[in-house]
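As structure tokens, the structure follows; a few thoughts come after it.
The values are calculated or read from the model by the stated rules, or taken from the named source; none is laboratory data. All values derive from a computational prediction rather than experimental measurement. Every residue, glycine among them, receives a Cβ derived from its backbone with ideal geometry; neighbour counts consider all protein chains shown.
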Ligand code: SF4
Ligand code: SF4
Ligand code: SF4
Ligand code: SF4
């Protein structure tokens with residue numbers, strides 16, 4: 001058998017939840033380790049080997065000048081680079097600084113603000129280097145990560161569905177909370193991955209897996225408004241883990257530009 | 001024609017359920033769940049949505065209590081019987097690695113024999129459409145055949161039309177004419193029971209019901225006619241396949257494409273839509289492979305992938321694919337319309353896109369651009 005691919009799991013600005021979800025996938029973990037060699041995975045082992053790597057798994061967003069440099073170095077020594085989670089693919093919850101004064105926050109929150117050298121933005125990895133595959137979610141679905149890693153190790157493309165959350169609602173028999181209860185639900189413009197978790201527990205989707213490719217937000221927002229949801233309720237729905245993903249960002253801004261437009 | 005029977009008081013519906021259960025049927029019926037009326041396995045009449053009706057509009061569905069003691073005054077909800085005949089997820093086959101090769105097996109479908117209690121006329125029509133797709137073509141779907149051939153159908157004639165119903169236009173309802181074993185029509189005091197098959201006749205014989213009095217039969221017929229007259233939604237079907245196929249570049253497709261979310265809900269709730277995708281899934285620990293089938297949709301961009309790239313990469317072309325298949329090319333393929341007029345796609349579209357309004361708009365200003 002060919003040698004096992006060397007995998008590095010690297011962290012940028014993030015909470016570690018995505019990489020930890022891999023360790024939670026107990027049933028498959030040993031089989032994954034049979035096929036892949038985790039040579040750099042700080043949450044799992046203190047032995048950290050230098051590159052080159054066959055696959056770099058990147059969690060977190062770019063929020064410092066040092067990380068802008070570090071991601072370029074990682075890219076240069078990795079054959080494949082996979083980003084995981086909302087931070088790495090969209091900027092994460094920390095991208096909410098786009099609508100605040102981050103310098104002012106740093107001054108008021110930290111006792112020694114001079115030690116903090118954060119950029120005014122939190123940007124996804126793909127804004128800095130070429131990314132071979134983006135795995136969305138806050139947190140990611142660990143089974144999907146395993147599918148991506150095994151697919152790359154076996155030289156095929158990953159089988160990760162890219163449809164809306166709605167399809168999963170219907171497959172599992174969840175009654176639509178928007179049509180039957182008038183809740184605002186981002187499911188129609190959100191990528192699947194959770195299996196329609198929130199609607200199944202009677203709560204509208206708030207977009208953990210980010211926008212679906214080609215998502216069409218304006219008619220959905222117009223329908224929310226028609227059903228009586230106010231802009232100030234809808235903006236927080238769009239501005240959480242994937243706030244600066246372009247579709248959600250533009251949708252939130254359009255609501256604030258026309259706060260009373262009710263079609 | 002066998003004379004209709006009289007099942008009264010209404011609580012005696014329990015006797016029918018018991019008789020079905022004694023014959024090893026799993027009875028599936030409408031129940032209230034998650035703020036809607038869906039289909040679920042029941043063994044007692046207590047679970048029926050007695051006293052509930054649904055108020056519907058485009059993109060809108062709400063349950064309401066009624067003051068009348070009506071057991072079946074609601075119409076269709078998000079579920080259809082396709083949930084049981086063509087399950088949303090199933091395993092088609094398995095392959096196990098052996099030291100000297102592979103062992104392939106078709107997956108056994110261990111589903112029970114179902115009795116569908118409360119199937120409406122449009123739903124019987126939908127089952128007949130899916131029969132053509134899964135049983136009457138060159139290729140027979142084993143899972144569908146196994147479930148369908150054993151299913152016992154207790155239909156219910158609609159005595160009220162919903163706001164989204166247009167079965168009259170599609171000539172499928174509101175009265176049931178074929179495709180059932182027994183059909184019930186609710187009146188104030190009981191149910192008029194029509195026998196539609198020998199199997200239905202045998203089963204109902206065990207209840208020793210009297211013949212239905214003439215005035216009950218008349219009341220039942222009038223209430224079905226009232227439901228038909230009540231129906232306000234319509235779709236003009238004359239020359240429809242030709243209208244659609246000569247308007248493939250009509251500006252309305254872009255208009256609806258701009259409003260549509262491509263969310264797939266319309267196709268999921270449609271009782272005739274049959275698109276699915278098949279994936280081989282490997283168990284990392286054993287190496288065994290399962291071939292899994294799931295409902296899929298022409299609104300899902302990747303579903304139109306050919307050689308890894310979508311051929312219908314705009315919502316406009318996906319909506320057009322859906323509508324032209326459903327209402328035009330379905331005729332060429334299966335010799336029937338793919339729409340039975342149940343109105344589910346209208347109610348369960350989150351933004352209320354209405355198939356009848358889209359057809360009307362094309363009809364109003366056809367541009368007749370050839371394909
Ligand atoms: S509950 Fe939300 S995700 Fe589910 S079908 Fe309705 S709109 Fe789509
Ligand atoms: S479409 Fe016709 S048959 Fe179907 S539920 Fe409505 S009235 Fe009944
Ligand atoms: S197209 Fe709409 S109205 Fe026609 S059968 Fe399907 S869900 Fe019912
Ligand atoms: S027509 Fe409505 S339900 Fe169908 S895909 Fe478009 S938005 Fe979704």
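Only one residue in B:203, B:209 is touching a helix residue (DSSP H, G or I) at 6+ places or on another chain (Cβ under 7 Å) and either more than 12 Å from ligand 2 (Cβ to nearest atom) or not assigned by TED's automatic domain parsing to the domain that holds residue B:68 (or both), so which one is that? Explain how you work it out, then say what you get.
Working: B:209 fails: touching a helix residue (DSSP H, G or I) at 6+ places or on another chain (Cβ under 7 Å).
Only one candidate qualifies: B:203.
Quick check: is even one residue across region A:171-179 outside any helix (DSSP H, G or I), more than 9 Å from every other protein chain (Cβ to nearest Cβ) and away from ligand 2 (no atom under 16 Å from the Cβ)?
Within region A:171-179, none of the residues are outside any helix (DSSP H, G or I), more than 9 Å from every other protein chain (Cβ to nearest Cβ) and away from ligand 2 (no atom under 16 Å from the Cβ).
Counting only residues that are outside any helix (DSSP H, G or I) and at the interface with chain B (Cβ under 8 Å from one of its Cβ atoms), which one in region A:214-230 is farthest from residue A:255 (Cα to Cα)?
Keep residues of region A:214-230 that are outside any helix (DSSP H, G or I), which gives A:214-216, A:227-230.
Checking the rest, the ones that are also at the interface with chain B (Cβ under 8 Å from one of its Cβ atoms) come to A:214-216.
Details: A:214: 19, A:215: 16, A:216: 14 Å.
The extreme case among them is A:214.
Quick check: is even one residue across region B:313-328 within 12 Å of chain A (Cβ to nearest Cβ), closer than 17 Å to residue A:171 by Cβ and not in a loop (DSSP other than H, G, I, E, B)?
Checking region B:313-328: not a single residue is within 12 Å of chain A (Cβ to nearest Cβ), closer than 17 Å to residue A:171 by Cβ and not in a loop (DSSP other than H, G, I, E, B).
In the list B:236, B:227, which residue meets the criterion of being more than 14 Å from chain A (Cβ to nearest Cβ), closer than 26 Å to residue B:127 by Cβ and surrounded by 18 or more Cβ atoms within 10 Å (Cβ to Cβ)?
Values: B:236 fails: surrounded by 18 or more Cβ atoms within 10 Å (Cβ to Cβ).
Answer to the check: B:227.
Check off (1) closer than 21 Å to residue B:142 by Cβ; (2) away from chain A (no Cβ under 14 Å); (3) touching a strand residue (DSSP E or B) at 6+ places or on another chain (Cβ under 6 Å) for residue B:85 and give me the number that stays unchecked.
Residue B:85 satisfies all of (1) closer than 21 Å to residue B:142 by Cβ; (2) away from chain A (no Cβ under 14 Å); (3) touching a strand residue (DSSP E or B) at 6+ places or on another chain (Cβ under 6 Å) except (3).
Count, please, the residues in region B:316-369 that happen to be over 24 Å from residue B:127 (Cβ atoms) and within 16 Å of ligand 1 (Cβ to nearest atom).
Here the count works out to 4.
List every residue pair whose Cβ atoms sit under 6 Å apart, with the two residues 6 or more apart in sequence or on different chains, where the first one lies in region B:156-167 and is in contact (Cβ under 8 Å) with a residue 12 or more places away in the chain and the second, anywhere, is near ligand 2 (Cβ under 8 Å from one of its atoms) and not in a loop (DSSP other than H, G, I, E, B).
B:158/B:227; B:159/B:227; B:160/B:227; B:161/B:227; B:167/B:122
Among the listed residues B:132, B:150, B:120, identify the single one that is surrounded by fewer than 20 Cβ atoms within 10 Å (Cβ to Cβ), under 26 Å from residue B:234 (Cα atoms) and away from every other protein chain (no Cβ under 14 Å).
B:132
What about residue B:70, is it in a loop (DSSP other than H, G, I, E, B) and free of Cβ contacts under 8 Å to residues at least 24 places away in the same chain?
No: the conditions fail for residue B:70.
Which members of region B:289-311 meet the condition of being more than 11 Å from chain A (Cβ to nearest Cβ) and either surrounded by fewer than 15 Cβ atoms within 10 Å (Cβ to Cβ) or out of contact with any strand residue (DSSP E or B) (no Cβ under 7 Å at 6 or more places or on another chain) (or both)?
Passing the criteria: B:298, B:306, B:307, B:309, B:311.
Quick check, is residue B:337 within 15 Å of ligand 3 (Cβ to nearest atom) and touching a residue at least 40 places away in the same chain (Cβ under 8 Å)?
Yes: the conditions hold for residue B:337.
Could you list all residues from region B:241-288 that are closer than 27 Å to residue A:170 by Cβ and away from chain A (no Cβ under 13 Å)? Walk me through how you get there before you give the answer.
Initial filter on region B:241-288 (closer than 27 Å to residue A:170 by Cβ): B:244, B:252-283.
Answer for region B:241-288, where residues must be closer than 27 Å to residue A:170 by Cβ and away from chain A (no Cβ under 13 Å): B:244, B:252, B:253, B:272, B:274.
When you scan region A:155-168, how many residues do you find that are more than 8 Å from chain B (Cβ to nearest Cβ) and either touching a residue at least 40 places away in the same chain (Cβ under 8 Å) or surrounded by 17 or more Cβ atoms within 10 Å (Cβ to Cβ) (or both)?
3
Does residue A:187 satisfy being within 14 Å of ligand 4 (Cβ to nearest atom) and in contact with a helix residue (DSSP H, G or I) (Cβ under 9 Å, 6 or more places away or on another chain)?
Against the criterion (within 14 Å of ligand 4 (Cβ to nearest atom) and in contact with a helix residue (DSSP H, G or I) (Cβ under 9 Å, 6 or more places away or on another chain)), residue A:187 qualifies.
Can you find a residue that is closer than 22 Å to residue B:315 by Cα, more than 9 Å from every other protein chain (Cβ to nearest Cβ) and within 14 Å of ligand 4 (Cβ to nearest atom) anywhere in region A:194-211?
No, region A:194-211 has no match at all.
Are there any pairs with C-beta distances below 6 angstrom linking a residue in region A:53-64 that is within 10 Å of residue A:124 (Cα to Cα) to a residue that is modelled with pLDDT under 95 and surrounded by fewer than 24 Cβ atoms within 10 Å (Cβ to Cβ), with the two at least 6 apart or on different chains, and if so which?
A:63/A:118; A:63/A:119
Filter region B:169-182 down to residues that are over 16 Å from the mean Cα position of the chain (by Cα) and either surrounded by fewer than 19 Cβ atoms within 10 Å (Cβ to Cβ) or outside any loop (DSSP other than H, G, I, E, B) (or both) and give me whichever is nearest to ligand 1 (Cβ to nearest atom).
B:169
Mind checking which residues of region A:100-125 are assigned to a helix (DSSP H, G or I) and either surrounded by 11 or more Cβ atoms within 10 Å (Cβ to Cβ) or touching a residue at least 40 places away in the same chain (Cβ under 8 Å) (or both)?
Within region A:100-125, A:102, A:103, A:105, A:106, A:107, A:113, A:125 meet the criteria.
Quick one: how many residues across region B:39-51 are part of a strand (DSSP E or B) and surrounded by 18 or more Cβ atoms within 10 Å (Cβ to Cβ)?
1
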